[in-house]
Structure formats: structure tokens, C-alpha cells
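Single-structure report; data block below.
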Amino acid sequence: MTRWNDENPFIKVVILLFSAVCCAVALNVFLIPSNIFAGGLNGIAQLLHWGLKFTGADISTGWFILAFNLPIGIMGWRKIGPRFTAWSFANAIVTSVLAIVIPEVSVSHNALLNALFGGILTGIGIGFPFRFGFSTGGMDIIAMVLQKTTGRSIGTLTMMLNSGIIAVAGFFIGWENALFTIITIYATSRMVDTIHTRHQKMTALIVTNRPDELIAALREHLFRGVTVLPSRGAFSNRDNSTLMIVISRYELYDLQTTVKETDPDSFMNLVATVDIAGNFFDEDKQAELRQSSKQG
């Protein structure tokens with residue numbers, strides 16, 4: 001069985017283009033014509049685009065997105081590294097260009113539909129790059145820099161930024177627009193959570209008669225700790241082993257494939273994990289372990 005390889009550059013380019021189209025269409029077709037705002041730096045770019053119209057300057061939102069991402073890209077390159085930043089910055093550039101090229105047209109005069117579809121498309125455009133190891137730039141790179149340098153979450157900063165966008169929309173455009181903006185931001189976050197599942201944890205309980213082989217295979221593909229629990233089948237009255245392993249949701253495919261290839265007769269029970277405490281390897285640590293195993 002062929003494993004899905006999300007490091008393939010061709011696949012990443014396709015995802016990058018798809019993401020950029022989704023974000024640009026969300027802005028120019030659904031959000032901007034209805035004066036409904038996205039979250040993050042894209043929302044700030046929309047506010048600047050809207051505000052400058054009163055001075056007679058009609059500057060595309062794409063130019064502001066590009067201007068924001070230039071210094072952020074440089075900061076990310078220095079603090080995070082070239083790999084993540086290069087793909088993210090490329091995504092931001094393509095999104096900016098498409099936002100400039102695609103005309104601002106409205107396909108619906110229903111503000112609720114525009115808010116929902118704008119949020120859903122934006123969430124799709126953000127979620128898939130996350131799934132494939134990069135981002136749409138902007139606040140995502142800032143989040144990575146803060147996490148790498150301070151260990152702190154960007155959640156509070158993002159909430160304050162989005163609250164500011166909502167407040168400006170309410171005071172200067174109308175509170176109805178602010179409420180639709182809340183709907184857009186909520187739809188975006190829900191869609192991102194649906195697609196980008198790295199933060200979701202699962203516990204797998206695998207009953208097997210071949211524990212040593214299965215543990216070796218799991219270590220090769222997942223780099224996760226495995227707890228071995230002696231067990232006995234009540235129906236067969238035979239001794240076996242139950243392996244307990246906690247994974248991120250995005251690792252589920254690799255787990256299922258490994259178990260099926262190694263021990264097709266095993267039984268696996270998957271349980272949603274609410275929270276964890278202790279040592280749980282993030283992607284950076286897993287990458288270090290893979291590199292060490294190859295050198296060893």
C-alpha cells in the first residue's frame with residue numbers, strides 16, 4: 001500500500017495555488033463587495049482598502065497583503081528558517097497577485113451567504129497549507145516566530161486583532177457588518193480545525209499477537225512512545241498484548257496503514273483524547289529523531 005507523501009514538491013505547489021485561489025476569491029467575490037472582513041492581516045488589508053476609497057485612492061487589498069508579508073517574510077526567514085518561510089511567503093505572494101488580478105465582483109447580494117462562503121473559502125485556503133507543512137503567511141509566521149522565540153501562544157494577540165477589526169467595522173461601517181464579520185471569522189476557524197487536525201490527539205489501543213513486530217514498525221513510521229499492556233482475550237482465553245499509543249490526528253493514516261501491513265489480524269480501538277500531560281513529541285522533535293536514526 002502506497003503511503004501519502006505530503007513532502008512532494010509538486011503536491012505542495014498544487015496546494016499552494018489552490019489555497020491562493022480560495023483566499024483571493026473569498027476576498028474579491030464574497031467579502032469585499034459586502035464590506036465583510038476576514039480575520040488577521042487580511043482583515044487589516046481590507047480595512048485599509050476600504051478606508052482609502054474615501055480619499056479617492058483605490059488600492060487593491062492584494063497590495064496591502066504583499067506589503068505586510070515582505071517584512072514578516074524576512075523575519076520568518078531569520079527566526080524560523082527557510083523551508084517553512086519560503087513556502088509560506090510564496091503562498092502570500094501568489095494570493096496577493098491573484099487578489100490584484102481577480103476583479104471585485106459580487107455573485108450574491110445576500111450578506112449572510114457572502115459571510116459564510118467567504119469564511120469557508122478562507123478556511124480552506126488556510127487549512128490545506130497547514131496540512132502540508134506551510135502557511136498563508138502573515139499572522140501564521142508571526143505565530144511561529146513567537147512560539148520559537150518565547151514559547152508563548154499567539155492566541156491572545158490574534159483575538160485582540162480580530163476584536164479590533166470587528167470594532168472598526170462596527171463603528172465606521174455598521175454593526176450588522178461587524179456581526180457578519182464575526183460569522184466569517186467563526187466559519188474560517190471551524191473550517192481550519194476540520195482540515196488541519198495536527199492539534200487533535202487520539203489514543204489507539206491495539207490488541208495484537210505480534211507486539212514486537214508491530215512496535216518496531218510503529219517506531220519506524222511514527223516516532224511515538226508505545227506502552228505495552230499484557231492482556232487476555234476473554235473469548236479465545238489466550239494471552240495477547242495491548243499496545244497503547246497517543247498520536248496526532250494527522251498521523252492516523254500512517255498508524256492504520258502500519259498496523260494493517262504488520263498485523264492484519266490485530267484489533268484497534270481509537271479514542272478521542274481530550275488533553276495530555278508529559279512528553280509528547282512535536283513535529284520538530286520528530287524530524288530530529290528521524291534525522292538521528294538515519295545517521296545512526
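Coordinate-derived values only; no laboratory data. Predicted, not measured: the structure shown is a model, and the values here were computed from it. All Cβ positions, glycine included, derive from the backbone under ideal geometry; neighbour counts span all protein chains shown.
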Inset, instruction - Jot down the per residue volume, in cubic angstrom and as a whole number, of the convex hull over the alpha-carbon atoms of region 158-221. - result: 106 Å³
Inset, instruction - Please give, to one decimal in nm, the separation of the simple spin-label points placed at ALA57 and HIS221, each 7 Å out from Cα toward the Cβ. - result: 5.5 nm
Inset, instruction - List, in order, the whole-Hz ³J(HN,Hα) value for each residue of region 263-272 obtained from phi through the Karplus relation with A = 6.51, B = -1.76, C = 1.60 and θ = phi - 60°; use x for Gly and Pro. - result: 9, x, 8, 6, 10, 10, 10, 9, 10, 5
Legend entry - 3J(HN,Hα) from dihedral phi, region 201-206, Karplus parametrisation 6.51/-1.76/1.60, rounded to Hz, x for glycine, proline: 10, 9, 10, 10, 10, 10
Inset, instruction - Taking amide H positions as placed in the peptide plane 1.01 Å from N, state which residues far from LEU243 in sequence (5 or more) or on other chains have amide H under 5 Å from it. - result: ILE206, VAL207, THR208, LEU229
Inset, instruction - Would you mind checking the radius of gyration and Dmax of region 154-281 based on alpha-carbon positions, in Å? - result: 22.1, 73
Inset, instruction - Per residue of region 233-246, in order, report the coupling 6.51 cos²θ - 1.76 cosθ + 1.60 (Karplus, θ = phi - 60°) as ³J(HN,Hα) in whole Hz, putting x for Gly and Pro. - result: x, 5, 6, 7, 6, 10, 6, 8, 10, 10, 9, 10, 9, 9
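Kindly rank 104-117, 23-36 from highest to lowest mean number of other beta carbons found within 10 Å of each residue.
On the way: 104-117: 15.4, 23-36: 24.4.
Order by mean packing, descending: 23-36, 104-117.
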